[in-house]
1. Count charges around ILE56 for me, please; just the other residues with Cβ under 12 Å from its Cβ, Lys/Arg as +1, Asp/Glu as -1.
2. I'd like the carbon and sulfur percentage of the solvent accessible area for the chain, probe radius 1.4 Å, heavy atoms only, ligands and nucleic acids excluded.
3. Once both axes come from the Cα atoms, what is the angle between helix 64-80 and the longest principal axis of the chain, in degrees from 0 to 90, rounded to 10?
4. Report which label in [x] 16.7, 55; [y] 18.2, 60; [z] 17.1, 61 holds the value of Rg and Dmax of the Cα atoms in Å derived from the coordinates of this structure.
5. With an 8 Å Cα cut-off and a minimum separation of 6 or more residues, compute the relative contact order for the chain in percent.
6. Just to be sure I follow the definition: excluding the sites themselves, where is the longest run in the chain that has none of the GluC sites (Glu not before Pro) in a DSSP loop with at most 16 other Cβ atoms within 10 Å?
7. Restricting everything to alpha-carbon atoms, can you work out Rg to Rh for the range 19-59 with a Kirkwood hydrodynamic radius?
8. For Cα pairs less than 8 Å apart in space and 6+ apart in sequence, what is the mean separation divided by the residue count of the range 133-217, i.e. the relative contact order in percent?
Amino acid sequence: MANTGIIRSKSGIRGRDRKGVRAKDFLKQTTDPMSKINGRSPEYDKPRVMIETMRIEGEDRMTAKDWAFYEYLVSTARQVGIAHDWHVMDLRTVTSFLGDEHKSGRVRASLKRITQTMVTYDFRSEQFRTYGSMPLVLADIRQDLKAGTACVRYSIPEPVRAAILDASVYAMLQINLFPLFTSRYTGRLYQRLAYLSGLPDKASRRWEVSPADLADI
């Protein structure tokens with residue numbers, strides 16, 4: 001797998017100027033079992049500000065699989081065009097990404113927890129500061145009763161889309177790692193460590209954090 005790390009644009013390039021995803025065939029590499037075992041994981045960019053400032057409001061009911069599902073929604077939206085208001089994903093694509101044991105009923109329960117989770121961010125630009133409570137995503141499941149198929153329709157909140165499009169400092173994350181995590185905290189910690197590993201002075205930097213501060217993060 002490729003190394004992850006934080007990247008700073010030196011030429012004024014923003015998220016809107018980048019593809020956002022590194023993959024030969026994003027769908028195949030994230031859903032085909034053999035491709036996931038033998039191939040390199042697709043990578044997607046996530047702004048530093050999202051990694052550093054996101055906080056969950058209220059009870060944290062998200063599981064490790066929920067976080068994998070959420071990151072897959074974001075990375076897929078980044079791959080097809082994060083500026084779009086709405087995206088559609090086949091339900092079978094979700095179960096293939098999360099694993100064979102993750103059946104459609106569990107996906108529905110997972111999506112319910114994701115949409116009910118409220119978070120805060122603190123987004124800043126040269127002109128504006130945006131902060132406040134918002135859901136991780138807006139989403140529903142639409143079934144085609146005649147065809148017997150179902151899809152997830154979802155929307156990334158506009159402030160998050162704007163932050164991704166404006167980001168000049170970001171981490172490249174490997175999406176196929178997330179379904180392997182078994183703790184709800186591992187995915188969040190992985191993103192923070194990926195960010196820290198790419199800092200210019202990483203050779204001399206030690207991250208020391210108290211248990212209370214780590215829990216808050």
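1. Neighbour charge sum, excluding ILE56 itself: 0.
2. With neighbouring chains kept in place, the figure for the chain is 50 percent.
3. Helix 64-80 sits roughly 90 degrees off the main axis of the chain.
4. Given [x] 16.7, 55; [y] 18.2, 60; [z] 17.1, 61, the calculated one carries the label [z].
5. Values: 344 pairs, mean separation 75.5, N = 217.
Relative contact order comes out at 35 percent.
6. 127-207
7. In the range 19-59, Rg relative to Rh is 1.18.
8. Contact order relative to length: 18 percent.
The values are calculated or read from the model by the stated rules, or taken from the named source; none is laboratory data. The structure displayed is predicted, hence computed values, not measured ones. Positions of Cβ are backbone-derived with ideal geometry, glycine not excepted, and every protein chain shown enters the neighbour counts. What goes into the accessible areas is simple: the full protein's heavy atoms, side chains included, and nothing from ligands, DNA or RNA. Shrake-Rupley method; radii C 1.70, N 1.55, O 1.52, S 1.80 Å.
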